[in-house]
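Asks: Just passing along the structure, written as structure tokens.
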Amino acid sequence: MALEKITQVAGKAVFVPGNDIDTDRIIPARFMKCVTFDGLGEFLFFDVRHTPEGVPTGHPIDKPEHKGAKILLSGANFGCGSSREHAPQAIHKAGFRAIVAENFAEIFFGNSTTLGIPCVNASREDIAKVAAAIEKNPSLEVVVDVEKLEVRFGGESIKVTQRDSARDALVNGRWDAIGELLDGKPQVLETAAKLPYLAPAA
Amino acid sequence: MSAQPKSLFQKVWEAHSVRKLANGQTQLLIGTHLIHEVTSPQAFGMLRDLGLKVLMPHRTFATVDHIVPTNELVEPYKDPLAQAMMDELRKNCAQFGVTFFDRATGKQGIVHIVGPEQGITQPGTTIACGDSHTSTHGAFGAIAFGIGTSQVRDVLATQTMALAPLKVRRIEVNGKLRPGVYAKDVILHIIRLTGVNGGTGYAYEYAGSTFDGFTMEERMTVCNMSIEGGARVGYVNPDETTFAYLKGRPYSPKGAAWDEAVARWKAYASDPGCHYDDVMKIDAADIAPTVTWGINPGQGISINETIPDPAKATSADEKAGIEEALAYMKLPAGAPIKGTKINVAFLGSCTNGRLSDFREVAKFIKGKKVAPGVRAIAVPGSQIVALQCEKEGIDKVLAEAGFEWRAAGCSMCLAMNPDKLIGDELCASSSNRNFKGRQGSITGRTVLMSPVMVAAAAVTGQVADAREVFSVN
Ligand code: SF4
């Protein structure tokens, strides 16, 4: 399967401050009653974007100046909590194509990479610099360069990091592993044959 | 035994490694795949789109737990979305030849309770499930991963997934727990020490004399919450306790195959002197009944401590974290947590919805009454747990005390079914997550604790020290 080589993501960015933003906050469980991921985008951060009475709270992603943003900036331990792929799916369906945070929870990071959403780590100070620049000029183009491991914005740039395997997968168009995994079938069956518990019941 | 001492993680990883992938990750064979209604329908959809089959349907097991109503047994369920998810799973299992522990089988329950109960969860195996609490199965010396839906697809289609190895941290707890202190307190204590992301990149090996003495159910409670400390995997080396639990279960090997299996399982245990990337030691006597005061499971204190004060925080981060948590929880800084009024008491979940949990609660709550105004529900983790409780009369003891006795499911752990908090109700809960809005109301508040502490909160109407309430000493 030929996948797009994701070397960089360019577009408007929005800063959603906070640490430990968990998957229940990214997409509340009640919106997971679905058999497809379609339409999840509108429920992204739903309970933070609305009061219990349903009144919009003026969340950063709802601000008109951030409409169409493709890059999400946040704090530490982003995406902690459950394994629900509904979380990165909601982020993707809401139009985001890259996330810059101090660091990410393990399962969320893997799920996002598999969807072709680069998650890159930056220091808090650097994230604050980008946030300050977009605050001044919300239509500023921000470039998340996965290949060069930097984020460029308005003539400035910051260094970012990313796990080698994820970076490699993204820039070489191998972020969805299914094709390669399917190719390994002969070896899979060989490995399985050595493990007695995998034998079909007699 | 090999010359180079190895940890269980290493041995299981090596036995299940298929090959290196182009990006440096390993194609890892997943021996057992557990699925449920919430994270599997999209994966089956992807399979259909790609024209793929399930590679090993005989190693794939399904149950229904998250959305299933616990006070409604007859279909169609009142919630059409819940019914649709139920129908979808049934259809997928039938079409792809997957074993489904549906309600009619009498074996349905929370996926992490069903696997062990059926003897599907075994030492030295790899397990994956589209659920972050899959780490529970590590209690048996399995390497068990919570995965996302695309990986559910990968495992369905190829029985493998792409993964980089984890580091291993040995967490040793030694000594005897004090009376009134439970496995739940052990894990809440560990997460309090490491923080919610201290385990990122690690598999946890839980060891030491405390774990050696633990029952399988206690080990499961601890492994279950590994993910709340950021560790994707947590395990305990298999021993006689493990084998005794597994003997005679429906999917356990029988006859000569049993002896062979036990020999194999033993060989998977970590070798003495093997390398650990990190070691952490805890004295069991230092652990007290622990409760959370905030909005993540790392924000815990012992029952006799006071709620943290942002003014005393040692960093700006900590200060902001405490302020955010207290604003949401509506709790006063510096006040004792003991005495905090509760509205709801919830017993259940894959952390503490097992037979031993209900037995322990029944022992103490017998003859006592839930405080007026407190809504109390007890939800067994599986139909088998329910049946056993009913045989032992535990359901009656709980009902007489004022708990509503329900059918098996996840229930108010994440409130995808009708069991929800209302408004800013505060719930004393034996579950595993106290995130904002977790229990179904966007202003609902959760205080995590052991089941016996939930019982103490239920009868006093406030967060209480079970040792005082039930005169444990
Ligand atoms: S009981 Fe709670 S944590 Fe466990 S599987 Fe169900 S929803 Fe997830």
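Asks: Report, ordered by chain and residue number, the lysines lying within cross-link reach of B:Lys53, taken as a straight Cα distance under 22 Å and ignoring same-chain residues fewer than 8 apart.
Replies: A:Lys185, B:Lys91
Asks: How many angstrom lie between the Cα centre of segment B:173-237 and the Cα centre of segment B:342-379?
Replies: Using only Cα atoms to place each centre, the spacing works out to 22 Å.
Asks: Now for a different question. If contacts are Cα pairs under 8 angstrom and at least 6 residues apart, what is the relative contact order of chain B in percent?
Replies: RCO, chain B: 17 percent.
Asks: How do the peptides B:460-466, B:15-21 rank, highest first, by the average count of neighbouring beta carbon atoms within 10 Å per residue?
Replies: Put in order of decreasing packing, that is B:460-466, B:15-21.
Asks: Place a +1 charge on the Cβ of each Lys and Arg in segment A:8-173 and a -1 charge on the Cβ of each Asp and Glu, then give the dipole magnitude about the Cα centre in debye, rounded to the nearest 20.
Replies: That gives a dipole near 260 debye.
Asks: Using the Cα centre of the protein assembly as shown as the reference point, and only Cβ charges (+1 on K/R, -1 on D/E), how large is the resulting charge dipole? Debye, rounded to the nearest 20.
Replies: Using Cβ point charges on Lys, Arg, Asp and Glu, the protein assembly as shown gives about 560 debye.
Asks: Right, next: Over 30 Å between Cα atoms: which of A:Lys5/A:Lys194; A:Lys194/B:Lys254; A:Lys33/B:Lys167; A:Lys67/A:Lys159 fall into that group?
Replies: Over 30 Å apart, Cα to Cα: A:Lys5/A:Lys194; A:Lys33/B:Lys167.
Asks: Also, quick follow-up: Identify all aspartates and glutamates with a Cα-Cα distance to A:Lys136 below 13 Å; exclude those on the same chain that are fewer than 8 residues away in sequence.
Replies: Cross-link targets: A:Glu65.
Asks: What is the list of residues in segment A:61-80 whose amide nitrogen lies under 16 Å from a point 7 angstrom out from the Cα of A:Glu4, following Cα to Cβ?
Replies: Once the point is set 7 Å along Cα→Cβ of A:Glu4, A:68-72 turn out to lie under 16 Å by backbone N, inside segment A:61-80.
Asks: Which helices of chain B meet both criteria: a Cα extent of 18 Å or more along the helical axis and a mean Kyte-Doolittle score no lower than -1.0, with helices taken as whole DSSP H segments?
Replies: B:80-96, B:256-268, B:316-329
Asks: Under 8 Å for C-alpha pairs, at least 6 residues apart: give me the relative contact order for segment A:8-173, rounded to a whole percent.
Replies: Relative contact order for segment A:8-173 comes out at 26 percent.
Asks: Return the aspartates and glutamates within reach of B:Lys184: Cα separation strictly under 15 angstrom, same-chain partners fewer than 8 residues apart disregarded; answer none if there are no such residues.
Replies: B:Glu217, B:Glu218, B:Glu228, B:Asp286, B:Asp357, B:Glu360, B:Asp465
Asks: Further question: Report the one residue of B:Ala345, A:Phe31, B:Gln95 whose Cα lies farthest in the direction of the positive end of the charge dipole of the protein assembly as shown (charges on C-beta: Lys and Arg +1, Asp and Glu -1; origin at the Cα centre).
Replies: The listed residue farthest towards the positive side: B:Gln95.
Asks: Continuing with this model, one more query. Specify which residue in the list B:Phe243, B:Tyr276, B:Ala464 is farthest towards the positive end of the charge dipole of chain B, using unit charges on the beta carbon of Lys, Arg (+1) and Asp, Glu (-1), about the Cα centre.
Replies: B:Phe243
Asks: Among B:Ala311, B:Tyr202, B:Ala43, pick out the residue whose Cα is farthest towards the positive end of the charge dipole of the protein assembly as shown, where Lys and Arg carry +1 and Asp and Glu carry -1 on C-beta, about the Cα centre.
Replies: B:Ala43
Asks: Can I ask one more? Quick one: putting +1 on the C-beta of Lys and Arg, -1 on the C-beta of Asp and Glu, what dipole do you get for chain B around its Cα centre, in Debye to the nearest 20?
Replies: My answer is approximately 340 debye.
Asks: Moving on to the next point. Shape verdict for the protein assembly as shown, please, from the Cα gyration tensor: rounded (a/c under 1.5), prolate (a/b greater than b/c) or oblate.
Replies: rounded
Asks: Expressed as a rounded percentage, what relative contact order does segment B:52-205 have, with Cα pairs under 8 Å and six or more residues apart?
Replies: 20
FYI, it's all coordinate maths here, none of it is from the lab. Predicted model, so just to flag it, every value in this text is computed and none were measured. FYI the Cβ positions are ideal-geometry reconstructions off the backbone, even for glycines, and counts take in every protein chain you see.
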